[in-house]
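Below: one structure, written as structure tokens.
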Amino acid sequence: MLAGVENLLVAPPDISDAYGLPQRMSSGSNRETVNLRSFHWKQDADAYRWFYGEYWDKLSHRMTTMLDPYDIPPRDYVVEFKIPLI
């Protein structure tokens, strides 16, 4: 969801390094990429609380969805249209 809201590309560090992906956002922005590992959440719910606290206003409020973590095609749709995911 964060990638959809901020128009970012999600890539683990090894892929980012292997392909020389930029560590900063494009379009002249000085914001750093977001390394979610630095938050050290104890539970998934902690990550969701943080995300919704920071980005709720940027999400669609017309619907919400719940998906299997391994269902990639519907997840792409949800991210594209900024639909909150539970």
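So TRP41 clears everything in (1) more than 19 Å from LEU9 (Cβ to Cβ); (2) without any contact (Cβ under 8 Å) to a residue 24 or more places away in the chain; (3) loosely packed, with under 12 Cβ neighbours inside 10 Å; (4) not small (Gly, Ala, Ser) except one condition, right? Which one?
(3)
Condition first: of a type in the set (Asp, Glu) and within 19 Å of ASN35 (Cβ to Cβ). Now tell me which residues in segment 47-63 satisfy that. Full working, then the answer.
Step one: filter segment 47-63 for residues of a type in the set (Asp, Glu), giving 54, 57.
Matches in segment 47-63: GLU54 only.
Give all pairs with beta carbons closer than 9 Å in which a residue from segment 1-23 that is under 23 Å from LYS82 (Cβ atoms) and among the β-branched types (Val, Ile, Thr) meets a residue that is surrounded by 13 or more Cβ atoms within 10 Å (Cβ to Cβ) and at pLDDT below 80; count only pairs at least 6 apart in sequence or on separate chains.
So the pair list comes out empty.
Identify the residue in segment 27-70 that is hydroxyl-bearing (Ser, Thr, Tyr) and under 15 Å from the mean Cα position of the chain (by Cα) and, among all such residues, is modelled with the lowest pLDDT. Can you show your working first?
Of all residues in segment 27-70, those hydroxyl-bearing (Ser, Thr, Tyr) come to 27, 29, 33, 38, 48, 52, 55, 60, 64-65, 70.
Checking the rest, the ones that are also under 15 Å from the mean Cα position of the chain (by Cα) come to 33, 38, 48, 52, 55, 60.
Values: THR33: 65, SER38: 83, TYR48: 92, TYR52: 94, TYR55: 93, SER60: 94.
Going through the qualifying residues, I end up with THR33.
Exactly one condition in (1) modelled with pLDDT under 80; (2) of a type in the set (D, E, K, R); (3) surrounded by 13 or more Cβ atoms within 10 Å (Cβ to Cβ) is false for ARG24; which is it?
Tallying (1) modelled with pLDDT under 80; (2) of a type in the set (D, E, K, R); (3) surrounded by 13 or more Cβ atoms within 10 Å (Cβ to Cβ), ARG24 fails exactly one: (3).
The values are calculated or read from the model by the stated rules, or taken from the named source; none is laboratory data. Please read these numbers as outputs of a predicted model, since none were measured by experiment. All Cβ positions, glycine included, derive from the backbone under ideal geometry; neighbour counts span all protein chains shown.
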